[in-house]
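Here the structure comes first, spelled out in structure tokens, and everything after it is commentary.
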Amino acid sequence: MMQRASLLLITLLLLGGCVHQGSLTPPQDVLEHQRQLQAIGDWQLAGKLGIRTTGDSGSASLKWDQQSANYQINLSGPLGQKRMIITGTPDKVRLEQTGEPAQEAKTAEELIKKSAGWTLPVAQLAYWVRGVPAPKLRITHLQQNESGLIAQLIQGDWNITYSNYRDHTFNSVNLPLPGKITAEYKDVRLVLVIRDWHLGAQEVIQ
């Protein structure tokens, strides 16, 4: 059971890669979209996360509440059979699982290393779920759709595809956000279907 729960943690947080020098420069409209979204410090999403690896597969409900540099990721569902809450601040990250002692570390990377034996960066995920490239991470391919939004992004050796963009209003400005994200790296395939987006401080995720 613990092995399956660790798989869920690892594969969710696996959306990362190694930082490289040099990068393909995104087009100006992508940079502007990125700037607009990065100016919003608080946001929430709710959806379903599907994971497939060589040895396992499953899905979980996902709720993510981002408040400036603080976040909480809430996972529940068949994979692992336990509710998992990952709470992060600039000083530490805390992992809570049903029936298990809470674990803490200064960074998510340290926490994963301690709980699952892996060392992986996780900060990129907060950008990728919004349909923008992660900063300071090499971009090797970027393809836009007919609206100028990212349709495919290869960054940090991950192949990420986006679809089902919908407009969401923030301060009277319509900002398109993806409704479906597929990310692949070697034998890991992650599919996130986002049901709800909320931009700005809202108490919508419990």
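The values are calculated or read from the model by the stated rules, or taken from the named source; none is laboratory data. As the structure is a computational prediction, the values presented were derived from the model and not from experiment. Ideal geometry is used to build each Cβ from the backbone, glycine not excepted, and the neighbour counts take in all protein chains shown.
For residues that are outside any strand (DSSP E or B), touching a helix residue (DSSP H, G or I) at 6+ places or on another chain (Cβ under 9 Å) and either modelled with pLDDT of 95 or more or within 23 Å of Ala201 (Cα to Cα) (or both), tally how many sit in the range 134-147.
So the count comes out to 1.
Of all the residues that make up the range 151-204, how many are of a type in the set (Asp, Glu), assigned to a strand (DSSP E or B) and either at positive phi or free of Cβ contacts under 8 Å to residues at least 40 places away in the same chain (or both)? Don't jump to the end; show me each part of the working.
At the first step, the residues of the range 151-204 found to be of a type in the set (Asp, Glu) are 157, 167, 184, 187, 196, 203.
Still in the list and also assigned to a strand (DSSP E or B): 167, 184, 196.
Subset that is either at positive phi or free of Cβ contacts under 8 Å to residues at least 40 places away in the same chain (or both): 167, 184.
Going through the range 151-204 one residue at a time, the tally reaches 2.
If I filter the range 111-133 down to residues being farther than 16 Å from Tyr71 by Cβ and assigned to a helix (DSSP H, G or I), which single residue comes out as modelled with the lowest pLDDT?
Step one: of the range 111-133, the residues farther than 16 Å from Tyr71 by Cβ are 113-120, 131-133.
Then keep just the ones that are assigned to a helix (DSSP H, G or I); that gives 113-116.
Numbers: Lys113: 64, Lys114: 70, Ser115: 64, Ala116: 53.
If we take residues in the range 111-133 being farther than 16 Å from Tyr71 by Cβ and assigned to a helix (DSSP H, G or I), then Ala116 is modelled with the lowest pLDDT.
Out of the residues in the range 53-75 meeting the condition of being surrounded by 16 or more Cβ atoms within 10 Å (Cβ to Cβ) and over 24 Å from Glu110 (Cβ atoms), tell me which one is modelled with the highest pLDDT.
Within the range 53-75, the subset surrounded by 16 or more Cβ atoms within 10 Å (Cβ to Cβ) is 53, 58-60, 62-66, 71-75.
Among the residues that remain, those that are also over 24 Å from Glu110 (Cβ atoms) are: 58-59.
Values: Gly58: 80, Ser59: 86.
Result: Ser59.
Out of the residues in the range 24-52 that are assigned to a loop (DSSP other than H, G, I, E, B) and among the hydrophobic types (A, V, I, L, M, F, W, C), which is modelled with the highest pLDDT? Break it down stepwise before answering.
Going residue by residue through the range 24-52, those that are assigned to a loop (DSSP other than H, G, I, E, B) are 24-27, 39-41.
Still in the list and also among the hydrophobic types (A, V, I, L, M, F, W, C): 24, 39-40.
Details: Leu24: 88, Ala39: 90, Ile40: 93.
That would be Ile40.
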